Structure formats: C-alpha cells, structure tokens
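Participant: Take this structure, written in structure tokens, and hold onto it; I'll ask about it next.
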C-alpha cells in the first residue's frame, strides 16, 4: 500500500463531471455516516447487527457507468454504491431495525439489501451464492438491445468458494456480460487471504484466469477506480463478454459488530490504513485540489449527518411487521380449485409419462418465449438421458442448452435467469445428484420470494428423475430424497405416478410462478397401460396444486403413496378386494403442499392407514402424514409405515427389492392392521430340460417397450454365446442383442418392426450338449400366492366364520380353459335335430340381429359352443345391441378343428366381415375366447380396421399355460378321464357321439392355446374377472388379468364379478356380469 493518493495538479473537470464526483462524494459520506449511526445503535443495545462498509466506498465509482437495465448482485459492504444507485438512507435503517417498511419486512438480516426498482438483486448471506445467479441473469439479458450487464461483487475470501470458480467458468464458456468485481481487503474475517487466491498465488501473481485478463486497481484511489470501471464496463457492453477486476482496498473497521479486529491486527496498522487508505479522505483531497472549498465540503458533511440522523430516528419509531407463517407466493383460486382438474380422456392415441412431459414442454415453449431448458445431455440428438427433451432443441434452437457437469451451476444460473424475468427449467439427471445443488435450492431458491416479501420471484422448475425398482441402479442412481425437498420452505414438490398427472402438475407448476421440484420416477416414464398413460391434449391437462387423487375408493383401509408405490398399493388393494376388503388408495401427487384434508377424511372413514414411500424411514413423509392424521383425528387410528430402512439402496437387485417397499411388504402390513394372517405360496418356474428362453432386455432403467428392428437368426439355426440374434430399439439407443447361450433356435416369438415389452420372450433355444447356463438374474419382484385367514386370537362370529377367505395368486400361473359341464350341454341335446344341424353348421350364430348399436361379436370358450347354449349372461345384454355368437369349426363333427389360435382368428375374421364389412368392431370372449378375440383384434388392427376395446371374461393368458395345458392334455389322453373339478364319469360321458365330438374339439383347442404366443397389442382390454378361485393348484385363480395387462399398450381396465370361473356365466351372477358389460359398452356407441 502506498501513501495517500495525491493527484498533483489534476486537470480541470467539466462542470458535469465535477458535479458527478461531488454526488459520489455525498454517497460515500452518507454510507460512512450510516455506518457510524448503525454502530451507535448496536452499542446502545437498540439494534443487533451491523456491517461496516468502511474502506469499500470507492465501489460507488461504478455507478456513473451503469444504466437502468443493468443488474447488481453486490457485496454486503457496498453501501455507497447502493446509495448511488438509488436506495434511500431510510431503507438502511428500516433494515437495521427490522421494520415493516424494510425491503424484506424485517425478514432478511440488516446488511443484505434489495431493491427491485434499481435492479439491486437481493443480496445473499451465504457469500458466493450470488456468482452463479449473476451469470444466469447475464445469460437472460445478453441479447437485450440496450446491452445491459451484470455486476457481481465478491470478497477475497469468497473467491475461494467453488461456486465462484464455476461461475467464472460459465461466464467464459458462454461469453456472458458479467463484471466480476473482487473487493480484496486482505481478510476473510480474521484469516489473511494474501497469496491464497486464484489471482494471487504463493509464488506468482497471475495475469489471467480462465482466459480472462485480471485487471487490478487500488480501491483507495477513487479516480483510478472511476477510469478503470469506465474502460471495462464499456468493453463488456461492446463485446458482451465477461471481465474480472481485482480492487485492492483496506477494511477500516472490524468485520461486524460481533468481531474485534484488534485481536488479530496491530492498532498501529489500523491507524495507518485509516490515514492512508481511506477512499473518502483521498477523494476529499482530490476535490479540494480541483477547487472545491473546505467550507463547501463541511456543509455537505453536516447536511448529510443531519439527514441521516433524522432518517434513523424516523425509522426507529415506525411500525414493526407482523409474523407470517408461510414462505410461498399465494395461489389464485383457480390453481388449487379441485373442479379445475383434467388429466385427459379415454383415447386410442396414448402418451407415456415421458412423451407427455416432452409434449407439455413443446406446447409451453411454443407460446412462451421466455422458457429455456438447461441441464446435462438435454440437446438433440440425445434429448436427455431419459428422452424427456427429445426433439426440442431441433424445434427450439438456442433454448434447450447442454450444461456443464455441475448441478450447482445448473440451479444457480437458472435462479439468475428467473430473477431477470426468464422461465427456466433445470434438469438434474438423478435425485442422487441433488445434494450438489442443495446450497442453491435450500438457501436461495426456496427463500428468495419470502426474504424479499415477494419483490423478487424465482419460478424455476427443477426436473429430477428418482426412484429404484430397476436392475442396474445402485446407491447413487436410485434415491428419491423427497423428504429433504419437502423440508425446504418456499418450494412446491411434486412426484407423480401417471402421465396425466405429470402433464397436469407440470402445467400447474408453470402457471403458479412458484419454484417447483418436479420428481418423476424413472420406472414410470415408459409405462404403457391405460392408467399410466394419457391422451395427447396435454396442453389442456391440469392438476390443482396440493390436491391428491383417489385412485380407488374403499371403507376398510387407506393406502397413501406417491410415485412408484401407487401401483404397488393398488396391487395390494386388488388382492384384498378378493376377500371382500375395500381399500381406499390415495396418490398424493403433490408432496408440498400435500392434501391433508383428503387423507384425514379417508382415515376418518377407514380407521386404518398405510403410508409407503421409497425415502428413508426416519423423518420421511410417512411420519409427517401420520402425525398430521393423529393430531387431526385424536382417536384410535391404526397406522403403519412401509418405507426404506435408514440405509442406502444396493446395486444387487434382489437386495434392492428387499430394501425398498415391496408389494409383499405393503400387503403384509395391511393384513396386520386388518387382524388377518397371511401365508405365501411360491411356485418356482419350471423350465424344460435342455431348453432356454431368451427374453428381451432394455438398456436403461426407464425402458418398458422395445421395438424389434431386425431378427438376425431363424428357426433351426445354430447360435453361439455372444452372437447377435436381434437388433432392438430402446427409448435411448439401438442395441445389438446377443445370445447368452449356445444352442439351436427352436422358436421365434416376435417379428420385425414389432413392439414388445421388456421381459417378453424372444427366442426358445435348445441348448448344446453340456452347455452350462448361468442362473438368470432377478429382474422383478417374485410375487407368490397370498392366502389369508383370520388371526386365531381374534374371536369371530358364527356368520363371519363361514365367510370364505380365498387364496389368490399374483404369480404368472393363471387359469385353464373351461370344459362345459353336462348340465349345460344338455341344452344342445334338447334342441330338435334340424335346429342342431343348422346351429352347428355355421361359424357365426345371430343371437340377436336387431338393434341400432355397434354389434357385439362374442367368441366361445374352449368347447367351441356358441354363447347362447353355454352362457346365461347373454340374455341380459342391452336389447338394442346386436349380438353374434362365434362357434368353432368342427363342432358338428364334419370338419377337423383348427389347432392354432391364429388360424381360428383368420377364420372368424372372414366370417365377421361377411356380417359387418367395416369397423369399428366390438369383439369379446369368455375363457379361451378371450385369446381368440385378442388375436382377431391384433390382425384387424394391423390391417387398418378400427377395433374397440376387447371385452374379455375371465380369460387365461395362454403363453403362461403351456406346461399346465400339456399336463391336462396328458391326463385326459393317458388316463381317459377329466381332471377335477369335473367329477362325473368321463367314460360314460364319452359314450355319446356328440359328447365325443365336443371332447375332441376341447383337446384341439387345448393344443391351440398351448401353441399360442400372444404379442404386444396397441389397443385396450376391458377385463371381467371372477373373484373366487375355482380349484386348488394353478388353475382358475382370480388374478390372471395381471398377465394380460403386460401385453397391452392402449390400457387395461378390470372389473370384478362375484363367483368363480364358471358361476359368473350363469344365473344369478350372470345378470351382474351383463350389467357391467352394458355400462362399459355405452361409451363406444
């Protein structure tokens, strides 16, 4: 440090420039006087916090070079510059005393100012947090024709913050108009910073950093500061590039009122710098050299002292603020109105969650030019690691921007963009990476609106993939961390389970202008069933903020979940429904604010509550929800949490499924609350010795559907381990799919350009001799058969003890087709010979050919009979709907029956189109007829015909029945008798030629089912399921619809019918079945 600055014989200044320096002098004197009075109030116990700007006042020399469109993100010692910019002395005292008229209504610490009118951004308390925000502001205003810039003022200690280094790098990377002004007073509180910064190293003084020249100026020389600032500001405006100035100065006072610098600085040193490095003294001397008299300056000083004292007294007696108990912008009524909800309609063209989110962005960006997207890998051709932004950067160049690999940069710069009026959307690839951005999220994003009393808004939407339940994920790619997000005031938090809810909440987040953390479970992104997908009108979809969705209603127990766990709760509810327990499943959707009203109302009704989430057990949403319910109801409510224990998520997928909440754990917890007991029956899958099933796999955790681009092998071909057998297209890539075994191709289950689900069979291979097959890795939760019973300790009434508790199966073993019992076949025998001959000779029997509604073609069960002679429910179908019953070729004994479902379907399509030449077609089937209807719909759709949802009544999925069907066929052929439950004598039954014909038909259909491999279907199934299991074993169980659900992309809707596989078709249950079918069919006329 040199002696005090004396400009010998300074050149005369123009009157305007002289007045400018006089005004700057007044600003600097005012700042010094405010410091003095603030310190007095603190030492008198009338105020509690003070930061001096003494020694930093020359920063005010920036102001003459700034324009109104510039933004200032300043250092807390920059009082003089803030005064020069336009903040009044009164405002400093309002802040000192935390008064109602302060910029923050007494919420922000007194030294940290803000003024929206002059673009002085609310100052950060965590030093360095302003750097990335300043860069974000610069990115938002860079193309402004007035060429505004951003001043980012930093202390020397602050430059050691990682985010400061990131900010400088970001400004250089994107050539942004930012002035990084480092005010180096040599101390970080008491720590000496000399030779510990990037601009002054132990062995050298660098001239550049990140390619930026390091400009240096002495902060006690106001004229040098003025000239340097003028030159650099002009350059930034012209080049639109960043600049870096190190302003060396001296801190004249202690760090704050809580510090005593005499503990670490010599008094003599303090006296010396006050004499030599005081910018006010030096400017005063300069003005006097220019001819300004001492008397004029003393008058200025006296006037300022008087006005500052008056401002302080006036502020001290002004009103205190009222406490507020929220930190968010108030929502307009429409944003939280339940009646405003719309999440799509039942359409044929469905969007997955990934597609729906992408399309919302497209619609929003089309009409809102201020929206930008910023994150890692989001530009085309990749379009985000999960494809959320696929195609957007091509459509909107320059607005979808790849970020550096830095989550703090992503969030910090997006905050800056929002402060400057932008609508940024930030992308964090995984929730596990969110801690790297927590500083900006917790300290800035959540608090800015609150700490400025709404003067500054920060409507950043942060997109965050989350959750597990997929192989290939581990401890840092599968967490959710939503409890930490919810714990942050000022931020809305979302986690959806369906595409419609994702689109609706995303639109609501945009409309709210509130910061939102938008969690999307990667395992839900590409689900294709009806409940998970939505219609294409996503721009209209809306979910009111803070409103939950009741997935299903019930009165016995309440399940509360969100994200991945909604599906598992629904699955548990379906299991409980079989035994008559009605569950209410609530999908929260919004976690902050969350819908306590809906949850409390439900639990008041049911008295039992299960809350489940993937996040840690301790301090999670489950504990918050249960505490809220307990406080509200103040009654005996039985509750349980099903969560992840307080541990991390392992990479081993079997372990991962045990650690995360599972269907099994959720159901067992519910059973315990319901005073039931549960046993599980697990039937291991058997594979034919010497054969191996090659199944399709994805490459990403979000993969659900694949497309077979090319088959590289054919039946009979010998293949070796590692040989490419197919080319598959996933949501993220095209991959060569290689064989894991050596052998010969026996069967190919897919075709080229066909869409299939992950896990679907591709090939069956006959293994080479002595080939050792590695165990297949676990890829999904192995779900057994739950069997319920009342707890023995519980006393049950005689009436209740007679109630059946049915076993249920969620395994992949489903029911076998029904053989029509003699009592029903006697109906055929009772017909006249002529009627029987006429009836048996045609494929389609017109059961009712009149009516104005879409005709209903209904396919027979395994015996081949048409529905009129085997089903009672047909007579209850809407009288205005024509009904045609399908009847198998060979039922009359004159033709050989088909033994392939595909051939049966082709035969019926020809016959159907003789009756109705053009769609839409309405097709359904009972038992085996469901498989035939499914194949008919497949073929018609591929040929461009419109097919309405398939009406399927308790139909098995045949691909999973092959071994069971083979067992039954062998039993009948070798033992000459029917298996249970047909207890009548088989030999006597077959004495009838007619019955023998039907038995042969039954065997042919069994073979057809065993050979049928259904493929993924773009349409929808409406499934009517029997509630009761018919017999023991794997046959006729009531949970077979789960296996059909995995085969449809257009949606799956299920209705339960009281009774078993046979009894639902006949009175008295038949009328209920028909009633539900009629209701479903009404939507399609």
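The values are calculated or read from the model by the stated rules, or taken from the named source; none is laboratory data. All values reported here derive from a predicted model rather than from experimental measurement. Methodologically, a virtual Cβ is constructed for each residue, glycine included, from the backbone with ideal geometry; neighbour enumeration extends over all protein chains shown.
Participant: Inside segment 238-268, can you point out the residues that are under 19 Å from residue 64 (Cβ atoms) and either free of Cβ contacts under 8 Å to residues at least 40 places away in the same chain or surrounded by fewer than 16 Cβ atoms within 10 Å (Cβ to Cβ) (or both)?
Facilitator: 238, the sole residue that qualifies.
Participant: Determine which member of the set 678, 649, 666 is under 21 Å from residue 569 (Cβ atoms) and assigned to a loop (DSSP other than H, G, I, E, B). Please lay out each step first, then the result.
Facilitator: On the way: 678 fails: assigned to a loop (DSSP other than H, G, I, E, B); 666 fails: assigned to a loop (DSSP other than H, G, I, E, B).
Answer to the selection: 649.
For (1) in contact (Cβ under 8 Å) with a residue 60 or more places away in the chain; (2) in a helix (DSSP H, G or I); (3) surrounded by fewer than 24 Cβ atoms within 10 Å (Cβ to Cβ); (4) within 19 Å of the chain's Cα centre (by Cα), each residue gets a yes or a no:
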| site | (1), (2), (3), (4) |
| --- | --- |
| 409 | yes, yes, no, no |
| 416 | yes, yes, no, no |
| 425 | yes, no, no, yes |
| 433 | no, yes, yes, yes |
| 440 | yes, yes, no, no |
| 444 | yes, yes, no, no |
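Participant: Residues to consider are 462, 493; find the one that is in contact (Cβ under 8 Å) with a residue 60 or more places away in the chain, within 14 Å of the chain's Cα centre (by Cα), closer than 30 Å to residue 370 by Cβ and not in a helix (DSSP H, G or I).
Facilitator: None of the others qualify; the one that does is 493.
Participant: Now, a different point. Could you tell me whether any residue of segment 3-20 is touching a residue at least 40 places away in the same chain (Cβ under 8 Å) and under 30 Å from residue 415 (Cβ atoms)?
Facilitator: Taking every residue of segment 3-20 in turn, none turns out to be touching a residue at least 40 places away in the same chain (Cβ under 8 Å) and under 30 Å from residue 415 (Cβ atoms).
Participant: State all residues of segment 86-116 that are part of a helix (DSSP H, G or I), surrounded by fewer than 24 Cβ atoms within 10 Å (Cβ to Cβ) and either free of Cβ contacts under 8 Å to residues at least 60 places away in the same chain or in contact with a strand residue (DSSP E or B) (Cβ under 7 Å, 6 or more places away or on another chain) (or both); if no residue qualifies, say none. Don't jump to the end; show me each part of the working.
Facilitator: Applying the first criterion (part of a helix (DSSP H, G or I)) to segment 86-116 yields 89-96, 116.
Pick out the ones that are also surrounded by fewer than 24 Cβ atoms within 10 Å (Cβ to Cβ) and you get 89-91, 116.
Answer for segment 86-116, where residues must be part of a helix (DSSP H, G or I), surrounded by fewer than 24 Cβ atoms within 10 Å (Cβ to Cβ) and either free of Cβ contacts under 8 Å to residues at least 60 places away in the same chain or in contact with a strand residue (DSSP E or B) (Cβ under 7 Å, 6 or more places away or on another chain) (or both): just 91.
Participant: Another one. Is segment 1040-1061 home to any residue that is modelled with pLDDT under 80 and over 29 Å from residue 755 (Cβ atoms)?
Facilitator: Within segment 1040-1061 (the criterion being modelled with pLDDT under 80 and over 29 Å from residue 755 (Cβ atoms)), the answer is no, since none of the residues qualifies.
Participant: Being part of a helix (DSSP H, G or I) and in contact with a helix residue (DSSP H, G or I) (Cβ under 9 Å, 6 or more places away or on another chain) is the filter here; which residues of segment 337-363 pass it?
Facilitator: Step one: of segment 337-363, the residues part of a helix (DSSP H, G or I) are 338-340, 353-363.
The answer is 340, 353, 354, 355, 356, 357, 358, 359, 360, 361, 362, 363.
Participant: Next question. I'm told residue 668 meets every condition in (1) without any contact (Cβ under 8 Å) to a residue 24 or more places away in the chain; (2) surrounded by fewer than 17 Cβ atoms within 10 Å (Cβ to Cβ) except one. Can you identify the failing condition by its number?
Facilitator: With respect to (1) without any contact (Cβ under 8 Å) to a residue 24 or more places away in the chain; (2) surrounded by fewer than 17 Cβ atoms within 10 Å (Cβ to Cβ), residue 668 is out only on (2).
Participant: Here's something else I'd like to know. With the requirement that a residue be part of a loop (DSSP other than H, G, I, E, B), surrounded by 14 or more Cβ atoms within 10 Å (Cβ to Cβ) and in contact with a helix residue (DSSP H, G or I) (Cβ under 9 Å, 6 or more places away or on another chain), what does segment 303-336 give you?
Facilitator: Pass one, segment 303-336, residues part of a loop (DSSP other than H, G, I, E, B): 317-332.
Pick out the ones that are also surrounded by 14 or more Cβ atoms within 10 Å (Cβ to Cβ) and you get 318, 321, 327-329, 331.
Passing the criteria: 318, 327, 328, 329, 331.
Participant: Does segment 575-611 hold any residues that are assigned to a helix (DSSP H, G or I) and modelled with pLDDT of 95 or more, and which are they?
Facilitator: 596, 597, 598, 599, 600, 601, 602, 603, 604, 605, 606
Participant: Could you say whether any residue in segment 220-237 is out of contact with any helix residue (DSSP H, G or I) (no Cβ under 6 Å at 6 or more places or on another chain) and within 26 Å of residue 95 (Cβ to Cβ)?
Facilitator: No, because not a single residue in segment 220-237 is out of contact with any helix residue (DSSP H, G or I) (no Cβ under 6 Å at 6 or more places or on another chain) and within 26 Å of residue 95 (Cβ to Cβ).
Participant: Which of the following residues is under 35 Å from the mean Cα position of the chain (by Cα), in a strand (DSSP E or B) and modelled with pLDDT under 85: 707, 776, 755?
Facilitator: After applying the criteria, what remains is 755.
Participant: Residues in segment 763-773 that are in contact with a strand residue (DSSP E or B) (Cβ under 9 Å, 6 or more places away or on another chain) and part of a loop (DSSP other than H, G, I, E, B): how many?
Facilitator: Selection size over segment 763-773: 3.
Participant: Consider residue 373 against the criteria (1) within 23 Å of residue 495 (Cβ to Cβ); (2) surrounded by fewer than 19 Cβ atoms within 10 Å (Cβ to Cβ): it satisfies all of them except one. Which criterion is unmet?
Facilitator: Only one criterion is unmet by residue 373, namely (2).
Participant: May I ask you to say which residue of 214, 182 is in a strand (DSSP E or B), out of contact with any helix residue (DSSP H, G or I) (no Cβ under 9 Å at 6 or more places or on another chain) and in the same structural domain as residue 281 (by TED's automatic domain parsing)?
Facilitator: Numbers: 182 fails: out of contact with any helix residue (DSSP H, G or I) (no Cβ under 9 Å at 6 or more places or on another chain).
Exactly one residue qualifies, and that residue is 214.
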